[in-house]
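J.: Handing you a structure now.
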Amino acid sequence: MVKLLGHNMLVHLMTVAVWVTLSCHHGDALDNGVARTPPMGWMSWERFECNTNCDTDPDNCISEKLLMQMADVMAAEGYRDAGYEYVAIDDCWLANERDKDGHLQPEPKRFPSGMKALADYMHDRGLKLGIYEDIGSKTCAGFPGSRGHMRDDANTFARWGVDMLKFDGCGGDVGLYEEGYPEMSRYLNETGRHIVYSCEWPMYESAQGGKPNYVKIAKYCNMFRDLGDIYDSWGSVLGMIDYFGDDPGNFTRVAGPGAWNDPDQVVIGNFGLSHDQERAQMALWAIMASPMLVSADFRKMPASSKAILLNKYVISINQDPLGVQGRRIKEMGKISAWTKPVLPTGSYAIVFLNAGTGGYPSKVTFTMADLGIERGKYSVMEVFEQTQIGSFAPNDSISCFVNPTGVYLMRATIL
Ligand SMILES: *[C@@H]1O[C@H](CO)[C@@H](O)[C@H](O)[C@H]1NC(C)=O
Ligand SMILES: *[C@@H]1O[C@H](CO)[C@@H](O)[C@H](O)[C@H]1NC(C)=O
Ligand SMILES: *[C@@H]1O[C@H](CO)[C@@H](O)[C@H](O)[C@H]1NC(C)=O
């Protein structure tokens, strides 16, 4: 039984239903040599959007300078060494027209050195360059799209030395997604360059009433967005978490090395989340084996946010080589429990998330057996502070407190 004590109530919960052993589809995931663990890095969109106004906002407009400065901080301040390696530009890097030969070109004022030079800049610092295009005839912000040019664009990206492509879905339809996303995957493969392929396919397909075939999507894409854009607010982060917990269409089971469900960017270090909420996003993205592309200003990162992003114990849960996406296994009022199998085999990361927004920390009392974890004896550690909690047999009782809009994250290592 799990006992949850909060708001003067004691909730007794039914013993966990049946713990279904995860059946994974690792064999079917895209095998192009990259994204064997969830990709980590920086992405421009949530924080910098389509700010092209370099005259009035030179430090924050989408430009090579912005990406170079981000890369410098990532290399100098420990982000790269913690695993954040992709520096990814989103929409609004393109010139309004293709060049006279029909090839893509960056906007010359904001990217005067060109994309090859920008990729070299990243590679010289041990980083990688991510780029953005769209499956339709225009990107979401109205720049030239890849429709009718996919092979040429794949070749252009490879020639420049690009390491990741985010392929958006504006201006497409279900038919185009089903054909076009696999087509681009093949063109990228044919370039011979190992490029992480990030698809917006399932999100656009469901938005247009289609039923995404996740098994097929995982065969062609290294990461795939299931839901709309994330914003800098707790409601947005929690909405993403709830959707992953609900798992409509059973997308969780297709995740594995080479293919990851993508709940969108990490917004830690911006304006909208409290310290507890930042920890919650970090913990859940780790449990969900989500790509960790941070959209924030590394040049102005608050120390407490930086400590969360660089916590190597949390990162190791996200990057665990087993590559199993964790699941929400029970809900107890405002508290949900999630588990993710990690190495060594038989071990688990466990998180309790408190979606409540008021009052005081909720006390949760549980046993490993309640969570379906009963293979042996476990050494349990709280992960953010690395507090050793003790050794527990499956039926031993453990208690913890979970702050409102916060988490309690543990690693239970089999002894
Ligand atoms: C292309 O696909 C083959 C077969 O899946 C794979 O072995 C190879 O690594 C891929 N190459 C690139 C560059 O993606
Ligand atoms: C998802 O899994 C559940 C339980 O196994 C099953 O009943 C349902 O049909 C599945 N849905 C899809 C879309 O595969
Ligand atoms: C744990 O408790 C359950 C039910 O109370 C019992 O069936 C099981 O044998 C116990 N396991 C151990 C290892 O004591």
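Read-outs throughout are calculated quantities, based only on the coordinates presented, and are distinct from any laboratory measurement. Predicted model only: the values in this text are computed from it and were never measured. A quick note on method: Cβ atoms are made from the backbone with ideal geometry, for glycine too, and the neighbour counts reach across all protein chains shown.
J.: Report the charge-dipole magnitude of the chain in Debye, nearest 20, computed about the Cα centre from +1 at each Lys and Arg Cβ and -1 at each Asp and Glu Cβ.
T.: Here the size comes out at about 1160 debye.
J.: For ASP168, enumerate residues with amide H under 5 Å from its amide H, sequence gap 5+ or separate chain, H modeled in the peptide plane.
T.: Amide H neighbours of ASP168: GLU133, ASP134, ILE135.
J.: What nm value, rounded to one decimal, do you get for the distance between ALA117 and ALA303 when each label is placed 7 Å out toward the C-beta?
T.: 3.8 nm
J.: OK, next. Can you give the % of DSSP beta bridges in the range 28-318 that are antiparallel, to the nearest 5?
T.: On the way: 3 of 27 bridges.
If we restrict to bridges inside the range 28-318, about 10 percent are antiparallel.
J.: Let me check against my output: what whole-number percent is the relative contact order of the chain, with C-alpha pairs under 8 Å and at least 6 apart?
T.: Numbers: 945 pairs, mean separation 70.8, N = 415.
That works out to 17 percent.
J.: Mind running the shape call on the range 268-313? Use the C-alpha gyration tensor, a ≥ b ≥ c as the square roots of the eigenvalues: rounded below 1.5 for a/c, prolate if a/b tops b/c, oblate otherwise. Mind showing how you got there, number by number?
T.: On the way: a/c = 1.60, a/b = 1.47, b/c = 1.08.
Taking the square roots of the gyration eigenvalues as a ≥ b ≥ c, the range 268-313 is prolate.
J.: In the range 150-182, which residues have a backbone nitrogen under 19 Å from the label point lying 7 Å from ASP124's Cα in the Cα-to-Cβ direction?
T.: Under 19 Å, as judged by backbone N against the label point of ASP124, lie 160-163 of the range 150-182.
J.: Right, here's the next one. Once fully extended, how much extra length lies between ARG159 and TYR313, figured as 0.36 nm per residue of separation less the alpha-carbon to alpha-carbon distance?
T.: Values: separation 154, 0.36 × 154 = 55.44 nm, distance 3.70 nm.
Full extension from ARG159 to TYR313 adds 51.7 nm.
J.: In whole Å, what three semi-axes, largest first, describe the equivalent ellipsoid of the range 28-318 built from its Cα gyration tensor (square root of 5 times each eigenvalue)? Write down the numbers at each step before the final one.
T.: Working: eigenvalues 132, 118, 61 Å².
Result for the range 28-318: semi-axes of 26, 24, 17 Å.
J.: Can you give the net charge of the other residues whose Cβ lies under 12 Å from the Cβ of ILE230, counting K and R as +1 and D and E as -1? Intermediate values should be presented prior to the final figure.
T.: Details: positive: ARG47, ARG225; negative: GLU46, ASP226, ASP229, ASP232, ASP262, ASP264.
Here the count lands on -4.
J.: Using the crude model of +1 on Lys and Arg Cβ and -1 on Asp and Glu Cβ, and no other charge, please compute the dipole size for the range 179-330 relative to its Cα centre, in debye to 20.
T.: On the way: 15 positive and 17 negative charges, 96 e Å.
Once rounded to the nearest 20, the dipole reads 460 debye.
J.: Still on this model: Please give the net charge around THR405, taking every other residue with its beta carbon less than 14 angstrom from that of THR405, where Lys and Arg add +1 and Asp and Glu add -1.
T.: Values: positive: ARG279, LYS334; negative: ASP242, ASP276, GLU278.
Spelling it out: positives minus negatives among the neighbours equals -1.
J.: What FRET efficiency do you get for GLU374 and ASP246 if R0 is 22 Å and r is their Cβ-Cβ distance, rounded to the nearest 0.05?
T.: Working: r = 26 Å, r/R0 = 1.18.
Step by step, r from the Cβ atoms, then E = 0.25.
J.: Please list 3J(HN,Hα) in residue order for the range 331-338, calculated via the Karplus relation 6.51 cos²θ - 1.76 cosθ + 1.60 where θ = phi - 60°; whole Hz, with x for glycine and proline.
T.: Values, residue by residue: 10, 10, x, 7, 9, 10, 10, 10 Hz.
J.: Count charges around GLN325 for me, please; just the other residues with Cβ under 10 Å from its Cβ, Lys/Arg as +1, Asp/Glu as -1.
T.: Working: positive: ARG253, ARG327, LYS340; negative: ASP247.
Neighbour charge sum, excluding GLN325 itself: +2.
J.: Which residue fluctuates most in the GNM of the chain (Cα springs below 10 Å): THR139, THR365, THR56?
T.: Residue with maximal mean-square fluctuation among THR139, THR365, THR56: THR56.
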